[in-house]
Structures are given as structure tokens and as C-alpha cells.
1. So what is the relative contact order for region 27-254, in percent, with contacts set as C-alpha pairs under 8 Å and at least six apart?
2. Where both partners of a DSSP beta bridge lie in region 27-254, what percent of those bridges are antiparallel, to the nearest 5?
3. What is the sum of charges, Lys and Arg at +1 and Asp and Glu at -1, for the other residues whose Cβ falls under 12 Å from the Cβ of Asp219?
4. What distance in nm separates the simple spin-label points at Ile29 and Ala203, each placed 7 Å from Cα in the Cβ direction?
5. Starting from the Cα of Lys27, draw a straight line to each of the lysines and keep only those under 30 Å, dropping any in the same chain fewer than 8 residues away.
6. Assuming a viscosity of 0.890 mPa s and a temperature of 25 °C, what translational diffusion coefficient in µm² per second does Stokes-Einstein assign to region 98-202, Rh being the Kirkwood radius over Cα pairs?
7. Can you compute the charge dipole magnitude of the chain about its Cα centre, using +1 on each Lys and Arg Cβ and -1 on each Asp and Glu Cβ, nothing else charged? Give it in debye, rounded to the nearest 20.
8. Excluding Asp30 itself, calculate the net charge of residues whose Cβ lies under 13 Å from the Cβ of Asp30, where each Lys or Arg counts +1 and each Asp or Glu counts -1.
Amino acid sequence: MQAQQGHSQACCNVPPAVSKGYSPKGKYIDLDGMKCYTTGPSHATSAIFIIYDIFGFSDQALQGADILAHADAESGHEYQVFIPDFFLGKPLTHNDYPPDTEEKKKTVGAFFGDRRRRPIMRKKKVPGLRKAIEKQCSGIQKWGSLGMCWGGKIVSLTAQPGTNFSAAAEVHPAMVDPNDAKGIKIPLCMLASKDEDPEAVKAFGEALTVPSHIETFSDQVHGWMAARGDLENEKVKKEYERGYQVLLNFYHEHL
């Protein structure tokens, strides 16, 4: 699926991704008892709030945050980026997924069965977390959001009427619902994989009434821009880099 509604062509600022053993550039701060990864220059006036996937602080997600924060510094586009630990140190592990045994099904079922992990419940934490961030990191004037897989649903829910975000993005989003799209009030970018329901992605894009970029990376698996991205595979690495370039261009345009 091609871009919709006025998205600029990608340039070439994203550095090559580190395939293995990535060393994050940022640090961890405390948000009223919740751990939060932060990266990017403190003088940046735009910030990106990332909601990770079910595997938490993966190397791929942290590297992606660093790319968004630093890749285009020379062009004047810089962001403070924050990833709160919504799972409080207890994400799923790669050994738990996919749930192809009875034991794994039980583990994954219990994980998602906890109502505290439901997107509608986690959505309620976002305003307070943003306020806690702003107390420690002054100067932020505009916010963007980015949801990965599970986090994509929360991004949709926090982009509705009354939102304080200026732009939103979702990569390989879970629970794609065209009904959510009808209420979204800010520019939105969605990068889907081959594993999302193509009809749901298409209907979601058609239901949006805001500037948008909807694109499917048809040879990539769910999670390629986060914890399930095998960056030792050159094709995946290339599409990981391209995905983050698309996100950068989108944020440059709307933040």
C-alpha cells in the first residue's frame, strides 16, 4: 500500500543499524517509580513518547529511539525521546512467543489476561507520565507518539478528541480497528507488516480524516521494527532502517 495524503519522499539520513550487541546512547530515569528510557538532546523542543511492544526494552526498540533522537541532528531536527516501562520490568520473553505449546499458551494468556496490561487501562497512564517527564525535562513544546505492536492500540486511543499529541505513528500495530481511525484528530503514520490484516489496515486508512501515511512492508514480519526484528538479516536490517526513515520524515513534517 502506498503513502496517502502528502507524505514527503524519504531522504538518506538514518545511519546503518547495528546488527548485534547494540549499546544504547540514552539513560534511564525514574517517573514516580516507573523506569523510563530517555535519549536525545535536552534542548530539543519536540518529544516522542514511545509505547513499546510486549517484549519491553529490546535492543531494537532502544536503537530505534536513538535513531529518532539523533539521526537528523545536522539538519536541525532533534527530538527528546522517552520509553516508559509499562510492564514494570515484567515483559514477555522471546522464549514465551509464539505460543506454540500449552505452557506458552498459558503464559501468554495470563500476560494478556491481566487487566492492567489492557490498552484501555494503560492509556490512562499516559497523561500522568507525560506530566512527570515534563517536570524533569523542561522546554518540550510539542509531543509525538509512537506505538509498537501492542503499543499501537494505545496510540490510536490517545489520538482521539482532546489529545495533547501533535502527531502519532504506529508500527506493525496490534488490534487494528477502523472504528478507532474515525476519531483520530492528528496526523498519523501506520507502517504495517505482512502479518496484519490487510483489509483492516486498508479500512483504517480510508476511515482517517487527517493527513496520513499508510504503508505495508509486505515482506516483513510483525515486530520487524521492534523486538522481533532480526537485524543480522540484511533484508530485515534494510527495511528496519527504511521504516525509521519514514518515521523521521513524518515527524519532521508534523512536529
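Only the coordinates and a few stated rules stand behind these numbers; no lab work does. On a predicted model such as this, the values are computed, not experimentally measured, just so you know. Don't worry about glycine lacking a Cβ; one is built from the backbone with ideal geometry, like all the others, and counts go over all protein chains shown.
1. Answer for region 27-254 is 19 percent.
2. Close to 25 percent.
3. Charge balance in the 12 Å sphere: +2.
4. Result: 4.1 nm between the two label points.
5. Partners found: Lys35, Lys90, Lys123, Lys124, Lys125, Lys131, Lys135, Lys142, Lys153, Lys235, Lys237, Lys238.
6. Rounded to a whole number, D works out at 162 µm²/s.
7. Once rounded to the nearest 20, the dipole reads 1000 debye.
8. +1
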